[in-house]
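Some notes on the structure that comes next.
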Amino acid sequence: MNIEISGLTRRFGRAQAVAGVDLEAGPGVFGLLGPNGAGKTSLLRMMATVIPPSSGRLRLLGRDPGSQGQRREIRRGLGYLPQTLGYYPGFTVVEFVEYFALLKEVPPARVPAAVASAVERVGLGDRAKAKLRNLSGGMLRRAGIAQAIVNEPRLLLLDEPTAGLDPEQRVTFRTLLRDLGEQATVVVSTHLVEDVGAACGRVALMEKGRIAFDGTPAELISRGVGHGTGDAPLERGYSAVLQQVRS
Amino acid sequence: MTAADLRPGVAGRSWPAGLRLVRLHLAGRQVPGALAALAGCAVLLRCALHWHWIQGSGPSAQQLPLLIESAAAMIIAVTTRSPFGEVERATGRWLPWLRLGTTLALTAAAAGMLAAGTVPAHLPGGDLALLRNVAGLVGVGLLSAAVLGGHLSWVGPVGYLGLAEVALTSARTTPWIWPACPPHDHAAALCATLAFTAGTLAITWRGARDTTHE
Amino acid sequence: MTAVAVPPRAGRARLTPPGRLLRLELRRNPMPWTLPLLAVLYWFDTYQTIVSFPPYWLQRAMIMQTHAITDFEPFVVGVAAWMGSRDGRRGTTDLVGVTSRPRLSAQLVTWAATACWAVLAYLVFAGVLFAIMAREAVWGGPPWWLVAVGAASMVAFSAIGFTAGALLPNRFTPPLAVIAVAVPLLVAFRLAVQGDVVALIAPANDTIGHKPDADLGIFHPFLPDLSITQLIFLSGLTIAALAALGLPAGSGPWRVRRVCAALVVPGLVAAGIAVRLTSTARLQPQGMMAIPALHDSADDRPIGYTPVCDHSVVPICLHPAFRADLPDVVAALAPVLNQVTGLPGAPVRVDQITTNLRAWPSLGEEVSGSPPALRLPLAGYGVAPRNFGSAFIAGMVRSRAGMTIVSSVVGGGYSPGPMGEPRGTPAQQAIAAALLKLAGTSSTPQCARSGITTSCYVVPMPPPGTPIHTAAQRFAALPTATRHTWLTTHITALRTGRLSLNQLP
């Protein structure tokens, strides 16, 4: 298992963002759904080793991120795209991706190929030498995805990766997710249920810091039959689970 | 042109990967801009000496050099800000070393440039006091960056500068206000070294407080 | 009830849209967060300096202005630059730029919030000091012109910082803006100390030379000339800086940008005129700066007062503001006066006068009039007159006034200044040295330091072994009555230089 979580909590002052999550995940694409403020981003940040948990057990790639040495090992195999991507506007796409390839300790001989591959996979090959300040929002998002996958991570955490992508790019991105999910554990936090339906083999729904549903997209769809609101079957399943939790 | 066309250009240049990483890190922290600003400080110091804005060797003569040394510290402190935020923090082992190297290199550059700016005139306190003051003030700036974030890190040296100016003009001395102490005061040198060490360790280990949204 | 359904509190509805925007900006401004640090600095610097000076309004207010402006400057400029660069840092330039109000108006509101906090903080901090001063003050009242200059400085600093941040939203802008304002302030202060009048345009400067004397604004009214030029200068800079905000494309419609471009020039011209006016400033005898084009000669008339006097053989009269110093002055001068009382040319009265900085290195002390009276610029002797009771200041008064008194009796005199060299014939030098030695003055240099100012005095004595020294020793060893009788008999010959050393007893 690449992700092993039990009883995980995280508090920010008085607010409890994550209130006891149990989760295990191996290779495959794992969708994380939930309304705003459900705790998805906090859970993802803990899995990205950016913030420590307040309590509970967290193991990633078979290692404990609480230990300095093991955290470094985890980070070598980690790809992370945060909700808000920070970037230096003076970098070109290639420089941006290369910088993270080098920081993630990709073997120097492999860096050129890895950078080129990552940039091509997100469809930015023709803008490889463009400065980040000149890119559109969707292109910036794709540059962010490129840096996340440049080290061929075994654990890939993507927070709202498709925000700002055009429909054609989203379709391409779903294909990319499926490819990556064959070898790695890919966790995708999103509000777009169609992405989950198209790319994820498994989906969890978070509400008020807890996991309210954990199963396949088909199981989530089945929860919405005859219940819930929404235009698509997954949306109906999503709203039905939330209604059930809230009642 | 596609990314594949760029393959030789990514790392195929004569620069090894380590140097490429250093170059990109320095570019991301706007170190070239910082070096230009530090050079500006050195020129300002040179002008101050040339036009006799600094006269004698008493406390009043030390105010302007101290102001310029603080400017250098503020510039170094604000370079600690990372534009990449969490993404960069979730990477491998090189980042602390890059932060350490950047801090040490910029501090050395600041001290060197300012010392060069004093040649051939005489700076009150001499180069020893300049080195001590710059190192200590950089330490204050780095600690400020760790607490307030890189963008606001200049607040620490500004506050310290105010206290140091008061100590200079009122002849009140304590080793913790090292700019007001004589150049050969060992306790003052120790305090400045401690501040620099603490600041450097804080920045190396934790980095500047994340303010990605800024 | 949801938050949206909460009715606005009474009074809030009356705010205009710009007022509501300003209220929002005031709440979110980081300036208040810097106030604790600023308060610590203000307490260490401005307050501690102020309380080391005697409770005279103008002297303390001038020192407060210098220190407070220096303390506030880095924080106000830095925070303003930080706020100015906010849109650039957060990528909200377009967001703000597409609203129906010009982007400039939003920027001006953000600047106004920073300026309001800075001015408010300055006024509160100054108010606290004024309250302390008012409790102790012995004469006069608060010089509001200086407060106005301080408040205008906060406005100008915030405008300069904000514009720098808005036009160059870079991580280096706040610290560089801080230094770009601090260095000219400091250099102008240094130049003003050295006597450069143009440097007085900087708002932290009040007068040329070192710290203002305690008797400023006591014998003569405050001269607002310099404050007026500083206000013109600061207003010009503020207008130019704020107008520059509207120059870049995107800051507003073409009409607004044209108005801004038209405003930059008059702003700079006003600042230039103020500098030109300041270059014509001249130091008045009462220690304040007059600018001919702005000067009202009515301000040169002295303020009437009834002196307080000591009723001894030689009455010593001081301004009532210095009433507390009278016993110390009497104790300092009595030994000298006792040596010469009754002799021709000796003062029969001591009157305090205002320090005449134009007479530097003399302070204007002299024995003049008929009958002769010693004009004593008492405040000019004080490094920090609160320490007047100390042996140093008492010794300085005794020595410097003593040299003037003795010279008025025996002739000759000393070159002006605290370390004056003796002039006159050897006989005059010998008698003067003997009398000053008998009065208990110091023949070795005495120095004291207050802040960055070191003050020294000495009564020059003839070198041991010289004929003058021997004659002085011999004369000093005579009984008091014998000395006095000899002086009464020979004083005219001595004063006219007709006596040689050999003719001394």
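Numerical summary
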| quantity | calculated |
| --- | --- |
| Qualifying positions in region C:246-268 - part of a helix (DSSP H, G or I) and open to solvent by 70 Å² or more (accessible area, probe 1.4 Å) | C:Trp254, C:Arg255, C:Arg258, C:Val259, C:Leu263, C:Val265, C:Leu268 |
| Filter result (open to solvent by less than 10 Å² (accessible area, probe 1.4 Å) and either under 17 Å from A:Gly164 (Cβ atoms) or facing another protein chain (nearest Cβ under 9 Å) (or both)) within region A:139-149 | A:Ala143, A:Gly144, A:Ile145, A:Ala146, A:Gln147, A:Ala148 |
| Candidate set from region A:22-58 (those that are out of contact with any Lys or Arg (no Cβ under 9 Å at 6 or more places or on another chain) and of a type in the set (Lys, Arg)); member that is farthest from A:Gly77 (Cα to Cα) | A:Lys40 |
| Restricting region C:196-214 to residues that are out of contact with any strand residue (DSSP E or B) (no Cβ under 9 Å at 6 or more places or on another chain) and open to solvent by 30 Å² or more (accessible area, probe 1.4 Å), the residue that is farthest from the other protein chains (Cβ to nearest Cβ) | C:Val198 |
| Boolean, C:Leu357 is in the same structural domain as C:Ala401 (by TED's automatic domain parsing) and at pLDDT below 85 | yes |
| Counted residues, region C:98-127 - those being touching a Phe, Trp or Tyr at 6+ places or on another chain (Cβ under 8 Å) and open to solvent by 30 Å² or more (accessible area, probe 1.4 Å) | 2 |
| Filtered residue count, region C:162-176, keeping only those that are part of a helix (DSSP H, G or I) and more than 10 Å from every other protein chain (Cβ to nearest Cβ) | 6 |
| Answer residue from region B:162-189, given it is touching a residue at least 24 places away in the same chain (Cβ under 8 Å) and facing another protein chain (nearest Cβ under 7 Å) and is surrounded by the most Cβ atoms within 10 Å (Cβ to Cβ) among those | B:Thr169 |
| Residue match in region C:234-245 (condition: assigned to a helix (DSSP H, G or I) and more than 15 Å from C:Ile160 (Cβ to Cβ)) | no |
| C:Asp45, sole failed condition from (1) over 18 Å from C:Ala151 (Cβ atoms); (2) in contact with an Asp or Glu (Cβ under 9 Å, 6 or more places away or on another chain); (3) surrounded by 24 or more Cβ atoms within 10 Å (Cβ to Cβ); (4) within 12 Å of another protein chain (Cβ to nearest Cβ) | (3) |
| Members of region A:74-128 found to be assigned to a loop (DSSP other than H, G, I, E, B), open to solvent by 40 Å² or more (accessible area, probe 1.4 Å) and facing chain B (nearest Cβ under 7 Å), listed by number | A:Thr84, A:Tyr87, A:Tyr88 |
| Residues satisfying the stated conditions in region B:22-73, i.e. over 20 Å from B:Leu131 (Cα atoms), within 17 Å of the chain's Cα centre (by Cα) and surrounded by 16 or more Cβ atoms within 10 Å (Cβ to Cβ) | B:His25, B:Leu26, B:Ala27, B:Gly28, B:Arg29, B:Gln30, B:Val31, B:Gly33 |
| Lone qualifier among C:Pro74, C:Pro36 - being within 12 Å of chain B (Cβ to nearest Cβ), over 23 Å from C:Val183 (Cα atoms) and at pLDDT 90 or above | C:Pro36 |
| Extreme residue, surrounded by the most Cβ atoms within 10 Å (Cβ to Cβ), among residues of region C:452-505 that are part of a strand (DSSP E or B) and of a type in the set (S, T, N, Q) | C:Ser455 |
| Subset of region C:185-243 that is out of contact with any Gly (no Cβ under 7 Å at 6 or more places or on another chain) and acidic (Asp, Glu) - its residue that is nearest to C:Leu277 (Cα to Cα) | C:Asp225 |
| Residue within region A:30-38 that is within 14 Å of another protein chain (Cβ to nearest Cβ) and surrounded by fewer than 23 Cβ atoms within 10 Å (Cβ to Cβ) present | no |
| Lone unmet requirement of (1) in contact (Cβ under 8 Å) with a residue 24 or more places away in the chain; (2) closer than 26 Å to A:Val50 by Cβ for B:Ala90 | (1) |
| Residues of region B:82-114 classified as part of a helix (DSSP H, G or I) and among the polar types (S, T, N, Q), total | 3 |
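The values are calculated or read from the model by the stated rules, or taken from the named source; none is laboratory data. It should be emphasised that the depicted structure is a prediction, and the values quoted were computed from it without experimental measurement. Positions of Cβ are generated from backbone atoms using ideal geometry, with glycine treated the same way; all protein chains shown enter the neighbour counts. Ligands, DNA and RNA are stripped out before the accessible areas are found, and what is left, the full protein with its side chains, is counted by its heavy atoms. Shrake-Rupley method; radii C 1.70, N 1.55, O 1.52, S 1.80 Å.
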